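Peer 1: Just passing along the structure, written as structure tokens.
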Amino acid sequence: MLKNFKLSLFVAIMTVAFASCKDERQNRSYWATDEAWFQTGKEIDENFVDAFYIVSTNVMQSFDSQGNEHYTAVLGENERKTLAIEMDFVQKTIFPDSINYYSPYYHQFTMSSLALPQDDFKAIYDSVKSEIFNAFDFYMQTWNNGHRFVIIGFSQGAMMTKELLKHLDNEQYNRLVAAYVIGDGISEDDLKCEHIVPAESASDTGVTISFNSVKSSDGIWTPVYENSVTCINPITWTTDATPADFSFGEQNVTATVDTALNVLIVSDFEKPELPFTEVWPEDCLHFYDIQFYNNSLRENVLLRAYKR
């Protein structure tokens with residue numbers, strides 16, 4: 001994916017080092033600190049539904065103070081600031097009112113880790129997944145207090161959202177308003193999990209919402225779109241091919257579900273130059289999946305949570 005990326009000889013050492021410090025990162029004392037969670041400055045309201053948000057891949061490469069590359073975020077000051085930009089955007093645009101918002105600073109895998117050999121990446125992925133489970137379990141045991149809740153994740157966060165759905169026990173699942181898997185696909189294998197039920201309308205609950213935006217079928221990004229078996233239009237909340245018009249900035253564009261490929265075709269969008277073009281196909285609109293639809297997502301979360 002990252003063309004011409006040269007793997008460091010440090011990979012094997014860092015894999016062992018990450019495993020050795022994994023317990024320290026995941027233990028209860030970390031999740032009990034303010035630094036482990038995005039701080040909204042708002043009081044928790046026991047009458048509100050909760051939202052658990054898992055941020056996307058915001059760390060391209062990560063280095064320790066000795067200059068050694070890590071394939072998970074070190075979570076230094078600059079990395080935290082980068083993650084906080086997205087956490088703040090989501091809190092302010094999707095969950096501004098009537099929702100208690102929780103978002104963990106987790107040691108996400110970096111973009112450069114995608115170039116690792118499969119087994120090395122899987123070890124890192126599994127460690128990140130385990131950390132998300134620990135964060136969620138701490139939230140459940142400490143703050144949830146029996147609230148109904150939403151899980152939402154974008155990109156890497158969407159991958160972890162699917163993992164959390166498989167991690168939920170039945171009592172927790174019965175309180176799930178909905179899960180939003182934004183910028184990742186739902187596969188046939190995912191549907192083997194009884195807690196992953198594709199959404200079919202704007203108001204069904206206990207369901208999973210999934211969509212991926214592209215300008216054309218040439219924009220399908222193999223790691224996340226290729227095996228998608230479901231897609232919903234986040235403007236109309238329908239799964240058929242009915243087109244839906246919406247505005248983004250000064251542009252008027254149209255989103256239509258491709259029911260054969262299970263991706264969302266966004267036509268008439270003039271995409272500006274973006275970083276990471278070596279990662280994504282030219283017609284891929286992954287970067288915009290949460291920006292295009294934030295207003296619609298806000299309205300939909302409130303509808304599903306409070307039927308309003």
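The values are calculated or read from the model by the stated rules, or taken from the named source; none is laboratory data. None of the values given here were measured: they were computed from a predicted structure. Virtual Cβ from ideal backbone geometry, glycine too; neighbours counted across all protein chains shown. These accessible areas exclude ligands, DNA and RNA; they are computed on the full protein's heavy atoms, side chains included. Shrake-Rupley method; radii C 1.70, N 1.55, O 1.52, S 1.80 Å.
Peer 1: Taking the criterion of being assigned to a loop (DSSP other than H, G, I, E, B), surrounded by fewer than 16 Cβ atoms within 10 Å (Cβ to Cβ) and in contact with an Asp or Glu (Cβ under 8 Å, 6 or more places away or on another chain), would at least one residue in the stretch 226-238 satisfy it?
Peer 2: Scanning the stretch 226-238, I find at least one residue that is assigned to a loop (DSSP other than H, G, I, E, B), surrounded by fewer than 16 Cβ atoms within 10 Å (Cβ to Cβ) and in contact with an Asp or Glu (Cβ under 8 Å, 6 or more places away or on another chain), so the answer is yes.
Peer 1: Sticking with this one: Counting just the residues of the stretch 151-210 that are assigned to a helix (DSSP H, G or I) and among the hydroxyl-bearing types (Ser, Thr, Tyr), which one comes out surrounded by the fewest Cβ atoms within 10 Å (Cβ to Cβ)?
Peer 2: From the stretch 151-210, those assigned to a helix (DSSP H, G or I) are 156-167, 170-173, 190-192; that's our starting set.
Now restrict to residues that are among the hydroxyl-bearing types (Ser, Thr, Tyr): 161, 173.
Values: THR161: 26, TYR173: 16.
That would be TYR173.
Peer 1: Something else: Give me the pairs: first residue in the stretch 30-53 and at negative phi, second residue part of a loop (DSSP other than H, G, I, E, B) and open to solvent by 50 Å² or more (accessible area, probe 1.4 Å), beta-carbon distance under 6 Å, and six or more apart or on different chains, which are they?
Peer 2: VAL49/ARG148
Peer 1: Considering only residues that are under 19 Å from LEU168 (Cβ atoms), within 14 Å of the chain's Cα centre (by Cα) and not hydroxyl-bearing (Ser, Thr, Tyr), which ones fall in the stretch 96-132?
Peer 2: PRO104, VAL128, LYS129, ILE132
Peer 1: Moving on to the next point. In the stretch 68-81, is there at least one residue being buried (at least 17 other Cβ atoms within 10 Å of the Cβ), within 27 Å of CYS193 (Cβ to Cβ) and not polar (S, T, N, Q)?
Peer 2: no
Peer 1: Do you know which of the residues in the stretch 7-65 that are open to solvent by less than 80 Å² (accessible area, probe 1.4 Å), more than 26 Å from ALA158 (Cβ to Cβ) and touching a strand residue (DSSP E or B) at 6+ places or on another chain (Cβ under 7 Å) is modelled with the highest pLDDT?
Peer 2: ASP45
Peer 1: Can you pull out every residue in the stretch 66-78 that is among the hydrophobic types (A, V, I, L, M, F, W, C) and either modelled with pLDDT of 95 or more or at positive phi (or both)? Quick ask: steps written out before the conclusion?
Peer 2: Let us first name the residues in the stretch 66-78 that are among the hydrophobic types (A, V, I, L, M, F, W, C), namely 73-75.
If the condition is that a residue be among the hydrophobic types (A, V, I, L, M, F, W, C) and either modelled with pLDDT of 95 or more or at positive phi (or both), then LEU75 is the only one that fits.
Peer 1: List the pairs whose first member sits in the stretch 145-162 and is closer than 17 Å to GLU131 by Cβ, whose second member is modelled with pLDDT under 95 and outside any loop (DSSP other than H, G, I, E, B), and whose Cβ atoms are under 7 Å apart, counting only residues at least 6 apart or on separate chains?
Peer 2: Listed pairs, sorted by first residue: SER155/HIS286; GLN156/PHE109.
Peer 1: Given the structure, is ASN58 under 30 Å from GLU299 (Cβ atoms) and either touching a Leu at 6+ places or on another chain (Cβ under 8 Å) or of a type in the set (S, T, N, Q) (or both)?
Peer 2: Working: under 30 Å from GLU299 (Cβ atoms): yes; either touching a Leu at 6+ places or on another chain (Cβ under 8 Å) or of a type in the set (S, T, N, Q) (or both): yes.
Against the criterion (under 30 Å from GLU299 (Cβ atoms) and either touching a Leu at 6+ places or on another chain (Cβ under 8 Å) or of a type in the set (S, T, N, Q) (or both)), ASN58 qualifies.
Peer 1: Moving on. Quick check on my filter: what residues within the stretch 179-198 are touching a Lys or Arg at 6+ places or on another chain (Cβ under 9 Å) and within 11 Å of ILE232 (Cβ to Cβ)?
Peer 2: Answer for the stretch 179-198, where residues must be touching a Lys or Arg at 6+ places or on another chain (Cβ under 9 Å) and within 11 Å of ILE232 (Cβ to Cβ): VAL181, ILE186.
Peer 1: Something else about it: Among the residues of the stretch 247-287, how many are open to solvent by 10 Å² or more (accessible area, probe 1.4 Å), at pLDDT 85 or above and hydrophobic (A, V, I, L, M, F, W, C)?
Peer 2: Number satisfying all stated conditions: 5.
Peer 1: Of all the residues that make up the stretch 122-150, how many are closer than 22 Å to ASN300 by Cβ and open to solvent by 10 Å² or more (accessible area, probe 1.4 Å)?
Peer 2: Residues flagged as closer than 22 Å to ASN300 by Cβ and open to solvent by 10 Å² or more (accessible area, probe 1.4 Å) within the stretch 122-150 amount to 2.
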